[in-house]
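Take a look at the structure set out below.
None of the figures in this text is laboratory data; all of them are computed from the coordinates on show. All values derive from a computational prediction rather than experimental measurement. So basically every Cβ, Gly included, is an ideal-geometry build from the backbone, and we count neighbours across all protein chains shown.
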């Protein structure tokens, strides 16, 4: 029984390894991205793009301007980092 437990332990731990550098904390970033960005367009729109971090920053700041104060500077920064992680060049 102990042998089976030792063999399965690495498999369980593999599920804890972040994918593409995204951590558990980023689930909050994902939720923020979905909440803020879906105010104006489907989230599939930005998720269909691949950009550098600098390009994402320009895009998010432009979208922030369109959002009429509904996206704070802090939110924009979190969204920029999130998009850079999951859809960066």
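Odds and ends about this structure:
- In plain terms, the chain from residue 35 to residue 87 could stretch by 16.9 nm, reckoned as 0.36 nm per residue minus the Cα-Cα distance.
- Here the translational diffusion coefficient of region 24-87 follows from Stokes-Einstein with Rh set to the Kirkwood radius across Cα pairs; for 20 °C and 1.002 mPa s it amounts to 187 µm²/s.
- Between residue 28 and residue 62, the FRET efficiency from the beta-carbon distance, with R0 = 30 Å, is close to 0.80.
- Modelled this way, with points 7 Å down the Cα-to-C-beta line, the labels at residue 55 and residue 73 are 2.7 nm from one another.
- Taking region 24-87 and dividing mean pair separation by its residue count, relative contact order in percent (alpha carbons under 8 Å, at least six apart): 48
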